[in-house]
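The values are calculated or read from the model by the stated rules, or taken from the named source; none is laboratory data. Everything numeric here is computed off the predicted structure, so don't read it as measured data. Every residue, glycine among them, receives a Cβ derived from its backbone with ideal geometry; neighbour counts consider all protein chains shown. For the accessible areas, the whole protein counts, side chains as well, though only heavy atoms, and no ligand, DNA or RNA atoms are used. Shrake-Rupley method; radii C 1.70, N 1.55, O 1.52, S 1.80 Å.
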Amino acid sequence: VSPLAAAPPERRRTAFAEGADRLRAAATTEPGRLRAIGAVLALLVVAFGAVTAWQMTERAGAADDVLNRSQPLSSDAADIYRSLADANTAAASGYLAGLQEKPAMREGYEKDIGTAASKLVTAAANSEAGSSSAGTIAELGRLLPEYKGLVETARANNRQGYPVGGAYLRAANKMMQDEMLPAAQRLYRTENQRLGADYAAAKSFPWLAAGLGVLAVAALVWAQRRNYRRTNRVLNHGLVTATAAATVVLLWLTVSHTLARAGLNDSYDNGVRSLAVLHEARIASLTARSDENLTLVSRGADTRTLDDGSVVDTYASGYDREIGVLARALARAAALSDDTAGRKPVQDADGFMKVWKQRNALARQDNDSGNYQAARDRVIGAAKEPTSVCFTNVDKALAVALDHEQGEFRQAARDGRGWLTGLPAGSAVLGVLGAAGAVLGIGRRLSEYR
């Protein structure tokens, strides 16, 4: 057999291999190396601009969610809890007043029920289907009419003089305390977790964008130094433009995010934290008022045994517990207040609470001694200095403090979000400008070889 016939056919090289060979050959010449450097520089600057635009769009969106979605929803969840607790307090007060119930008291109860219902609708519209929040909202939507039915039955029986009305009111209160308020508390915790997640997303530093920015600026400086050493020319206008654009974006990114983070931290420290404590204080005052009323409604029918074997009135001991919670919450709120406008209503609420405790002690003495009518007068308003006035003053002072802290939060969060305005679009534009500058700068060097 002929040796030529036995030789295998030569394999044809792939396009990839041929392209790699051409790139290696081109890299051995200065024009080829310049083309490669220009391509890398343009890619780095474009990637830096694109990643900065992407990451800062996400952070600006999260900051906007903090201001306009998650924090308002957290406040709505707190309002649902407060409205339910206030309705429960108004129901007990109206029951105690009986035929002497004032229209304003009844209107307050109806307003609270309406507020809770409307806030539930808002929360449902902003919750994801199948989420834990949606389930909690559905549960509250189911329980609210049942609770209202029990209150109306208690009210009707009480107006006809039937003692069974007290049992219906206690059943309504049990539903509120054991089912509705815990559900509202779960909703509040869930919305607070969402708020925390939005804060974390808005404040997280864009490390990828910053890293690409440092790399792009370093590569541009290296390219200019290389150009100077080979040509002895100090400046290449295209590369200088690209370096300036990348540096501006890097500085803009660092400074704006730092200032935005500071604003968001301020909105949390001097807004969200204070709001959470004030909501806790207001809910404690409402629960204490409800327990104070129910102490007279039950007339000792509800008791519980402590660990030491002593028996106490369920609602009287509940009042003592909630007043303690209120006192501690007011102390924390005063410590968190950073200005006189926020501190004064908290101090006022603390003063009204101390007077409330004194008057409640007198009402409890009357009740324990069997003088139910005198105790009732001290609680619902027939006496000269009823506890109802103290509770109303505490609630009004806390409402003023909440309005002030809400304004503090919105101002700080708005300032923080404002520092991110324009950065995504600006980084994209400057990234394209920088890439164009790098390409033109390298192109000018290449023209010298033609």
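Rundown of residues vs (1) assigned to a helix (DSSP H, G or I); (2) without any contact (Cβ under 8 Å) to a residue 24 or more places away in the chain; (3) farther than 23 Å from residue 295 by Cβ; (4) in contact with a His (Cβ under 8 Å, 6 or more places away or on another chain), yes/no style:
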site	(1), (2), (3), (4)
113	yes, no, yes, no
133	yes, no, yes, no
143	yes, no, yes, no
150	yes, no, no, no
155	yes, no, no, no
178	yes, yes, no, no
181	yes, no, no, no
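For region 379-396, a tally of residues being assigned to a helix (DSSP H, G or I) and closer than 24 Å to residue 347 by Cα returns 11. Regarding residue 37, is this residue farther than 19 Å from residue 140 by Cα, among the β-branched types (Val, Ile, Thr) and either open to solvent by less than 50 Å² (accessible area, probe 1.4 Å) or more than 35 Å from the chain's Cα centre (by Cα) (or both)? Yes, satisfied. The conditions of being free of Cβ contacts under 8 Å to residues at least 24 places away in the same chain and in a helix (DSSP H, G or I) are met by residue 106. Here residue 87 qualifies as part of a helix (DSSP H, G or I) and either open to solvent by less than 10 Å² (accessible area, probe 1.4 Å) or touching a strand residue (DSSP E or B) at 6+ places or on another chain (Cβ under 6 Å) (or both). Pairing residues of region 397-423 that are in a helix (DSSP H, G or I) with residues that are among the basic types (Lys, Arg), at Cβ distances under 6 Å and at least 6 apart in sequence or on separate chains, gives 398/282.
Can you spot a residue in region 94-111 that is open to solvent by 30 Å² or more (accessible area, probe 1.4 Å), at pLDDT 90 or above and either small (Gly, Ala, Ser) or closer than 30 Å to residue 160 by Cβ (or both)? Looking through region 94-111, at least one residue is open to solvent by 30 Å² or more (accessible area, probe 1.4 Å), at pLDDT 90 or above and either small (Gly, Ala, Ser) or closer than 30 Å to residue 160 by Cβ (or both).
Close contacts from region 58-79, counting a first residue that is of a type in the set (A, V, I, L, M, F, W, C) and a second that is not in a helix (DSSP H, G or I), with Cβ to Cβ under 8 Å and a gap of 6+ residues or different chains, come to 60/420; 60/421; 63/420; 73/126. Within region 424-443, being touching a helix residue (DSSP H, G or I) at 6+ places or on another chain (Cβ under 6 Å) and either without any contact (Cβ under 8 Å) to a residue 60 or more places away in the chain or open to solvent by 30 Å² or more (accessible area, probe 1.4 Å) (or both) holds for 428, 430, 433, 439, 440.
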